[in-house]
Every structure is written in C-alpha cells, then in structure tokens.
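Below: one structure, written as structure tokens.
The values are calculated or read from the model by the stated rules, or taken from the named source; none is laboratory data. Fair warning: this is a prediction, and the values are worked out from it, not measured in the lab. Here the Cβ is made from the backbone with ideal geometry for all residues, glycine too, and neighbour counts use every protein chain on show.
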Amino acid sequence: MTQGMDMTRDDRHENDQYGSHGDAGGRIVARGVEERPVRRESRLLLAALVTTGTMLAEAVGGVVSGSLALLADAGHMLVDASALALAWIGARIARRPADARRSYGYGRVEVLAGFVNALTMFLLAGWILWEAIERIRAPGPILDGVMLVVAVSGLLANLLVLKVLGGVHGHAHAGGHTHLHAHAHGDRAHLHVHDGGRARGHGPAPAGGPVREGGHAIAGANRRAHAHGVTHARGDADVNLQGARLHVIGDLLGSLAAVAAALIVRWTGWTIADPILSALVALLIIASATSLLKRCAHILLEGTPEGLDLDEMATSLAASHASIRGVHHIHVWSLASGERMATLHVDLANPAEGQPAANAVRAMLLDRYGVGHATIQLDSGDDCPDTGCRHA
C-alpha cells in the first residue's frame, strides 16, 4: 500500500479563510501576519530614497574635491539605491498569492534579488580596485575640507539607513523564532501565532486541514491532536533583505574610509591614503558579496538548509510513532528564506496507523526542524514505487 499525504497550501484571500463556513480542508490564515511585509516594504522604500539623495551629494562632492573615496562611496550608493529598489520590488512581488503557473507563489523572487545584489557588489568592488590602483600610481590633488564635510554627511545618512533596515525582519530570521499553537477542540481548530512574544492572530476553522502562517502551510490539526510548533529557521535569514543590509554596511564602511582619508590628507597631506583606504573597502565588499552569493545559490539549487542532518532526521522521525518502521527518501530544501519544505517516505508496520503516524511526523518536522510544508508518502512493506529510493 502506498499513500501520499500532503500538507498543502491555500493562497486564497484572508477573509475567505474565516467564519463558520471555512473550507473543506479547514485552512486558515492568522490575522495581522501580512502587516509585517508591508512595513518592510515601506522601510526599504525609505532607505532607497535616503540612499539616492546621499549618493547624489557624494557624487558632486567627489568631483569637486577630487576624492576617489567619495566617488567610490557614491558609486556604491548608486548600486545600493538600485539594490534597495530591487529589494522593495522583490518584497512586493513575493507577497503575491500562488497561481496556476506558480503553485508555490513568488517567494523565491526575494532570493533572486539577493543573488543579483551580490553580483552587482562584485562589479562595484572591481571598479573601486581599478580606480584605486590608478590613483596610487598617479595621485592627484584633493580638497580635504569639502571631502570631510561630505564624508561625514554620508556617514550619518548611512547610519540612518542602517537603522531603518535594522528594524526590518523577514518571515524568519537568524536567531529568531515564531511560535504557532494549533489546537483541535471537537470539530473546530484554532490557530494562535506568536511572534517575538506578541500574539499575531487567532481564528477558527474546521479541524483536519493544515493551518497557515502568512500563506504557508504549517501543520495539520486533527480532532484528537494538539500540535504545538516552534519554527526555528536560524540559517535561513531573508537573503533579499540581507543583501540590502550588506550594501548599506558597505556604504557605511566606505563613508568611514572617506572620513579617515579626509582626516589623514588634512593632517598629513598624504593623498595616497584616499585610494589605499578605498581598496581596503573594496576587499571587504568582495568578502560580503561572496558570502551572500553562496547562500543565495544554495537556496536556488535547493540545497539542504544549514544545520540539518538528513540521516539524523530520518532516525528521529522513525522514532516519532510506534508503527513507523523507517523513514527514507528524504529531501529538504528552502523555497525561500525561512520557508523550509520536505518530501519523504514513511515505511509502516501497520498501514491502519497511517494517519496518526503522519501526524506525528508532521509535528516533529515543524517543531524540531522548522519544516512548514511536507509531502509524506506512506509505504508498507517493500512496495515503494520510486526508482533508486534509499531506505534509512
């Protein structure tokens, strides 16, 4: 006997999920969950506008003063303004509901935005290094007074933007967690979502279907079960937002380098300090871009999320219910940042215990491994139909 059980998604509008009618699967959405992405978009847009204004000021100041550090920082800010705008667009698109062509929705757009941001950072760092080498070979005059004023102004603006972005958190973030309590009472189920200690929503629905957080299936609540999931996605921070932050941190370092170079030139007349410090900032940008690019590529290649041991997971899941003989053919990946998904086969000793076994596996996937969407295939004996299926 082979049976597939899927924790499915339902991306219809929120008001279609509430009320006494519900739907056949009992799917619900916690009220208020979508408020956070909207706030994130607003802050990304504000950061983009502030960065654009500062970039124009530094570009003018760099031309007037002859400072490569200012021009490099202005160039970085130009890329940053584009990156922040891209992050804003990506965040808006990611909130679109799933449709017939994209059944998983648009969440991965944010990962693509982070990937593009990392590539642009490499291009920027290469340009800064090239210009720095040319300036070291042939140093030019620098108006240190103008350079210092503009550099300090840019530093303050970058601190403001970093503070704005620092208050933005994605669906899940490193070190963070979301608590979800799915209670089944008779024929009704209730979802409580707590984020950082604040209750985010509560809603009734018929029991038996999966509950959702922000459009993502979380867990199944049945008439005899009480599910308590704590989602930990420590390695899956929002890479789109991380890319935007890395750009701004690079700007901040560039502004610090410009301030330091202006002070050195002003006090010592050593104009070569300007390109040297600019080159150091370029190297830091390359290091940050490399880290971001690797993380985005790992998600796009559907690699196993960091910190997950599939063999250990198979052993633990097999012990979650007495009727489970083994768990195999496990695949775990991140659809987007903080949104883990899995497919697996469960080998049953007693096929009649399929539903309780599946519920136990789902609960452990959510509680211990932060997997919010799983497709579970129930097998009995050696009837697994998949070629090359590896038993744990």
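Name the residue, out of T290, T387, T343, that is at pLDDT 90 or above and surrounded by fewer than 21 Cβ atoms within 10 Å (Cβ to Cβ). Matching residue, one of T290, T387, T343: T343. On the basis of being surrounded by fewer than 16 Cβ atoms within 10 Å (Cβ to Cβ) and modelled with pLDDT under 90, does S278 make the cut? No. When residues in the stretch 135-150 are screened for being among the basic types (K, R) and in a loop (DSSP other than H, G, I, E, B), 0 of them pass.
In the set (1) modelled with pLDDT under 80; (2) within 26 Å of the chain's Cα centre (by Cα), L46 fails one condition alone, (1). If you check L71, L86 for being at pLDDT below 85 and over 27 Å from the mean Cα position of the chain (by Cα), only one passes: L71.
The numbered conditions (1) free of Cβ contacts under 8 Å to residues at least 40 places away in the same chain; (2) crowded, with 17+ Cβ neighbours inside 10 Å; (3) more than 15 Å from the chain's Cα centre (by Cα) are all true for A100 except (2). Do the conditions hold for S320, that is, is it under 30 Å from A297 (Cα atoms) and touching a helix residue (DSSP H, G or I) at 6+ places or on another chain (Cβ under 8 Å)? No, not satisfied.
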